[in-house]
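First up is the structure itself, then whatever we jot down about it.
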Amino acid sequence: MADLLLAPPAAPTFYFIGVTTGQSSSRRMFPAWMEALGRPEVVWQGIDLAIHDDPANYRAVVEHIRKEPLALGALVTTHKIDLLAACRDHFDELGPYARITDEVSSIAKEDGRLVGRATDPVAGGLSLDAILGPDYFARTGGEVLLLGAGGSAVALSLHLIQKPRPGDRPRRIVVVNRSAGRLERLAQMVAGFPTDIAFEFIQNADPARNDALLAQMPPASLVVNATGMGKDTPGSPLTNAGVFPERAVAWELNYRGELDFLRQAQAQQTARSLTVADGWEYFIHGWSQVISHVLHTEIDPPLLDRLSELAVAVR
Ligand SMILES: NC(=O)c1ccc[n+]([C@@H]2O[C@H](COP(=O)([O-])OP(=O)(O)OC[C@H]3O[C@@H](n4cnc5c(N)ncnc54)[C@H](OP(=O)(O)O)[C@@H]3O)[C@@H](O)[C@H]2O)c1
């Protein structure tokens, strides 16, 4: 951990805790958003941690935010689960989604109390709804293949489980993850809800096996790359020989990096009539929610549209 990153801030500071934060569009977007929100004095500061970093590093970062008066709060990506596991006792309060999903993507201060919230169920959910449209699963008979069982996969599972209309819930969700622990965690969360969605959990890190799982999905299935591969780590969870089901929706959760999975889907887009989406909308929803918590400001739909335009300009 470089001391510089944990130096006392000289100005009101919003931290971004990720893996390669300097490359994020948020760095360029942030000053324009602060101008638009009337808070130009607030600065952006990235903190890069290794994937599954030492718990001591997560604790040092959260303790820094807790004790520094000018540290306003933070957006957490990739480390949402590991950070909360390492620092649960640092928080005075956890929001309902943070308690259900055991992850924190927003760290804010309220009357001197440190509050952790999980924004992915709402931010990821809004993005997914925009991609699929209403009644998608009833209309198409598609199912879901989630590649990765980390924070976003948990959030998307929760979002789909909680859909009140049956047509918005898939019959089946297949979840694939490298480590068994993350699958067990997700299975435990699912077991806490009555649901008619059949979940299957598969421990695997072999892209050829993922190709085989992909081949077994029905037409119009939703296939999500929630592994971070193609941004946080190189490659794709699929090989170039993997064939998407006809009319499938391929959703890459990231919008920057090599995005190998996105390219693989784009290569088949016309031939297989695919819908291909990246993580840009998710990024906008996630950032606007966390900024709203940290700065204690409401962001209504017209303001969100304005912020979205400003972000596109610096993408
Ligand atoms: N656009 C946005 O605003 C937005 C929002 C949320 C997330 N994201 C992106 O989405 C990605 C996932 O986010 P997250 O928060 O869910 O991260 P995460 O909690 O780190 O989860 C990633 C999961 O993928 C698994 N995995 C990694 N490589 C794999 C492989 N080859 N095969 C199978 N499983 C593999 C990991 O398993 P292990 O347990 O074995 O490590 C881990 O459980 C990140 O890159 C993040 O930046 C983007």
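Points worth noting:
- Residues of the range 161-218 that turn out to be over 22 Å from the mean Cα position of the chain (by Cα), more than 26 Å from Ser236 (Cα to Cα) and either within 16 Å of the ligand (Cβ to nearest atom) or among the polar types (S, T, N, Q) (or both), as a count: 1
Here's the yes/no breakdown for (1) over 28 Å from Ala98 (Cβ atoms); (2) out of contact with any Cys (no Cβ under 6 Å at 6 or more places or on another chain); (3) modelled with pLDDT under 95; (4) more than 12 Å from the ligand (Cβ to nearest atom):
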residue	(1), (2), (3), (4)
Pro234	yes, yes, no, no
Leu238	yes, yes, no, no
Trp287	no, yes, no, no
Ser292	no, yes, no, yes
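- Residue check: Gly133 meets all listed conditions (1) closer than 23 Å to Asp278 by Cα; (2) in contact (Cβ under 8 Å) with a residue 12 or more places away in the chain but one, namely (2).
- If you go through the range 135-153 and pick out every residue that is part of a helix (DSSP H, G or I) and under 22 Å from Ala248 (Cβ atoms), you end up with 7.
- Residue in the range 242-250 that is assigned by TED's automatic domain parsing to the domain that holds Leu94 and among the aromatic types (Phe, Trp, Tyr) present: no
- Tabulated pairs, the range 20-35, first under 19 Å from Thr78 (Cβ atoms), second among the basic types (Lys, Arg) and in a helix (DSSP H, G or I), C-beta under 9 angstrom, 6+ apart or interchain: Thr21/Arg27
- Cβ pairs under 8 Å, 6+ apart, first in the range 177-191 and surrounded by 14 or more Cβ atoms within 10 Å (Cβ to Cβ), second of a type in the set (Ser, Thr, Tyr): Arg178/Thr227; Leu186/Ser157; Met189/Thr101; Met189/Ser157; Val190/Ser157
The values are calculated or read from the model by the stated rules, or taken from the named source; none is laboratory data. Computed from a predicted structure; not experimentally measured. No Cβ is skipped: glycine too gets one built from the backbone with ideal geometry, and neighbour counts run over all protein chains shown.
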